[in-house]
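None of the figures in this text is laboratory data; all of them are computed from the coordinates on show. Because the structure is predicted, anything quoted here is derived from the model rather than measured. So basically every Cβ, Gly included, is an ideal-geometry build from the backbone, and we count neighbours across all protein chains shown.
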Amino acid sequence: MNSIPRDFRLRQSEQAWFDQAEGQLPFKANPYYLQLAAGSEALRRQVIPTEAELEPLEYESSDPLSEEIHSPLPRMVHRYKNRIALLLTDNCSIHCRHCFRRTFTGTGSRNLSLEDCDDVINYVNSHPEIREILLTGGDPLTMPESDLEKILRQFRRNSSDSNLVLRLATRIPAVHPGRITPGLLSILSDNGPLWMVVQFNHPDELTETSRKSLDMIRKSGIPMVNQTVLLKGVNDNADTLADLFQDLLSAGVKPYYLFQGDLARGTSHFRVPLEKGWRIMDELRVRISGLAMPVFAVDLPGGGGKIPLSRSLLIRETATSYIFNSAEMEGREYEYPKEKG
Ligand SMILES: *Cc1c(COP(=O)(O)O)cnc(C)c1O
Ligand code: SF4
């Protein structure tokens, strides 16, 4: 649904967004997540926009990771030597208000075609160093099953590397778990090796339905890891994250990354100061096992790539920013702003 149902009571700061920005910026929800959001502040913040989004900061960007400059083919991002990301669709089941691809998602671009796919496969075949393909978007699991199946089969049939790893990133088990069906799972498991990367940001997203979907995925033999985005007012405390990561572990999902917010336009109200993120990580380490611990990481602004946010990669600080060294990018320096809490 692309507008808010009448029986959902908006608050003033939310109504202000709909008055000023509806139609210019995408809003999308579904009945399942909206019902959860009505009873959970943490989920509400992730799906209902507020007027805070209308105040972009000067250093925020519509392409915060500079993906554009690393795209040798349309919809394909080749930023790291041995893996590429492929944006299959711009469609999602809900629009997460913190999304860093928020200027791509929901724009009505067509899905990747089989011809596009062949171009990608040719590219991959002529770059044997590529061992892994991230299938992302948007959310690939919102695509029609037959389209998804054709794309996966195409990769398996035409790629010269039969061990090419497919990594499918999706938020479906958290936001629309009813979409996980035996039919969909057999398409995925028949075209492995395939890993699923899910995104849970709060324990309230682990409902009975959602746990059931994770159980089905696990039993179909698809390994899962989780990425969480650190979000102010949603999960920026050790209690919430300890519960989340422990619950994920018991559902058979390994916490992989905890992401510091990207500098996407109009998302400053979600960002947590780095110092606070570090403190939360220190606290988590004494409360949950190593297996339940994700890597705290950031995608450096300006195309610096993902780096683990260990204090050892911090070269120096200025009054307004942290300066990191990106190993991937041959020792170039990248800046991440110091923000107030
Ligand atoms: C995140 C990302 C990857 C995967 O990085 P990992 O550290 O292996 O998870 C690959 N390509 C692009 C463009 C990415 O943004
Ligand atoms: S599902 Fe993923 S791509 Fe879609 S809005 Fe949420 S974070 Fe962005």
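Okay, here's what the table says:
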| read-out | value |
| --- | --- |
| Viscosity 1.306 mPa s, temperature 10 °C, Stokes-Einstein D of region 298-341 from Kirkwood C-alpha radius, µm²/s | 151 |
| P(r) weight above 23 Å for region 1-102, C-alpha pairs, percent | 38 |
| Dipole moment magnitude, nearest 20 debye, region 216-296 about Cα centre, only Lys, Arg, Asp, Glu C-beta charged | 220 |
| Among 234-243, 298-307, the order from most to least packed when residues are scored by Cβ within 10 Å on average | 298-307, 234-243 |
| Size of charge dipole - region 255-341 - debye, nearest 20, with Cβ of Lys, Arg +1 and Asp, Glu -1, no other charges | 280 |
| Against the rule of thumb 2.2 N^0.38 Å, how large the Cα Rg of region 156-208 comes out | 1.36 |
| Mean separation of Cα contacts under 8 Å, 6 or more apart, over the residue count of the chain: relative contact order % | 15 |
| Most to least packed among 78-90, 277-289 [average Cβ atoms within 10 Å] | 78-90, 277-289 |
| The chain, dipole about Cα centre (Lys/Arg Cβ +1, Asp/Glu Cβ -1), debye to the nearest 20 | 680 |
| Cα gyration tensor of region 141-250 - equivalent ellipsoid semi-axes, whole Å, descending | 28, 14, 12 |
| Average projection area in nm² (convex hull over Cα atoms of the chain, one quarter of hull surface) | 16.9 |
| Antiparallel DSSP beta bridges within the chain, as percent of all bridges there, nearest 5 | 40 |
